[in-house]
1. Find the helices (runs of 4 or more DSSP H) located wholly in segment 1-63 whose residues include 2 or more that are more than 16 Å from the ligand (Cβ to nearest atom) and not assigned by TED's automatic domain parsing to the domain that holds Ile145, and list them.
2. Considering only segment 115-135, I want to know if a residue exists there that is in the same structural domain as Leu240 (by TED's automatic domain parsing), loosely packed, with under 15 Cβ neighbours inside 10 Å, outside any strand (DSSP E or B) and of a type in the set (Gly, Ala, Ser).
3. Taking segment 141-153 on its own, how many of its residues are in contact (Cβ under 8 Å) with a residue 40 or more places away in the chain and surrounded by fewer than 18 Cβ atoms within 10 Å (Cβ to Cβ)?
4. Where residues in segment 85-105 are away from the ligand (no atom under 16 Å from the Cβ) and part of a helix (DSSP H, G or I), which of them is nearest to Pro238 (Cα to Cα)?
Amino acid sequence: MSEAIERAADILAQAKSVVALTGAGISVESGIPPFRGKGGLWETMDPMAVAHIDAFLDNPKRVWELLIKDMKTILDKARPNAGHTGLVELERLGRLQTIITQNVDGLHQMAGSSDVIEFHGNFAWQRCLDCGQRVSTAGINLAQIPPQCSCGGVLRPDCVFFGEMIPPAALVRSQRVSAACDVMLVIGTSATVQPAASMPFIAKDNGAVIIEINPEPTPLTGHISSLPLMGGGVSIMPRLVAAVRKRLNSP
Ligand code: OAD
C-alpha cells in the first residue's frame, strides 16, 4: 500500500489539473451510511420504492417516514472527516481544482473546499411541490410529516431522485472538467450510477490518470483506475497528502 501511495503522490505532485469525484463512501466515517456495499441503505430498502421520484409523488408521507426523516437526523450531526479535509489540503497545495460530488451532505463545503459541483443536489434545501419556494432544511418542522411550505404544499429535498435529470449546469461542467483534467481522484463511490459513473471514463478517454480510493474493488478498479488505493478515506487521505506535501517541500 505504501508503494501505491508513493506512486499516487508522484503523479499528483506533477499534475497540472486535478479533479476529484466523490461518493457516499467518503462520508461513511462521518457517520453517514452508504447506499451499496457493507452496511449500505439499499441492503434493507428498495431504492425504487423510496428514492424514485414516482414513489415520492405517489406517497410523500411514506418516503419522508422511511428515508428522508432519518436522513435529516443523520446529516444534522455529521461533520467532515480526514477524507474531506485531505481534499481541502490538496486544494491548498495547488493539487486539486474541482470536486464533483454525488453526495448531498454538504461536507466538502463545510470542510472548506471551494469549488464543489453538486451532481445530485444538496439536502440543505427543500423545495415546495406547489409554489417552488426553497426552504432551509434546518428550519423545517418534523412534527408534521410530510413537512409543508407556508403555502400548504408538500416539501421535497432539493436533491435528485432516481428518474430525475441531473441539474444541467452541474452535468455540463462535470463533463468539461473531467475531459480537461490530467488526474482524477475517485473516492468512495461504487461507480455504478449514471451519469456520474461516466466521469472517470471521460477523464481516461482524454488522457487522465485515474487514482481510486475505496476499501472494495469497483467496476473501475484495475481497468479505468490504474492506481487503486484499497482502504477507507480517513486512513488513506492523510498519508497521501503528507506524501504530496513532502514532494512539494511544503510545510
Ligand atoms: P455507494 O453507496 O453506491 O458506494 C459507496 C462506495 O464507498 C462503495 O464502493 C464502498 O466500498 C465505498 N466505501 C465504503 N466505506 C468507505 C470509506 N470509509 N472510504 C472510502 N470509500 C468507502 O455510493 P455512491 O457511489 O455515491 O443517488 O452512490 C451513487 C448514487 O447512488 C448516490 O448519489 C445516490 C445513490 O442511490 C441518488 O440517490 C440519485
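1. Details: elements: 2-14, 47-50, 53-58, 60-63.
Those helices (runs of 4 or more DSSP H) span 2-14.
2. No, the conditions are met nowhere in segment 115-135.
3. Pass one, segment 141-153, residues in contact (Cβ under 8 Å) with a residue 40 or more places away in the chain: 142, 145-147.
Of the ones still in play, those that are also surrounded by fewer than 18 Cβ atoms within 10 Å (Cβ to Cβ) are 142, 145.
Residues meeting the conditions: 2.
4. Taking segment 85-105 and keeping what is away from the ligand (no atom under 16 Å from the Cβ), we get 88-89, 91-98.
If we keep only those that are part of a helix (DSSP H, G or I) too, we end up with 88-89, 91-92.
Numbers: Val88: 11, Glu89: 9, Glu91: 13, Arg92: 14 Å.
Looking at residues that are away from the ligand (no atom under 16 Å from the Cβ) and part of a helix (DSSP H, G or I), I get Glu89.
The values are calculated or read from the model by the stated rules, or taken from the named source; none is laboratory data. Computed from a predicted model, the values in this text were never measured in an experiment. Neighbour counts run over all protein chains shown; Cβ positions are idealised from the backbone, glycine included.
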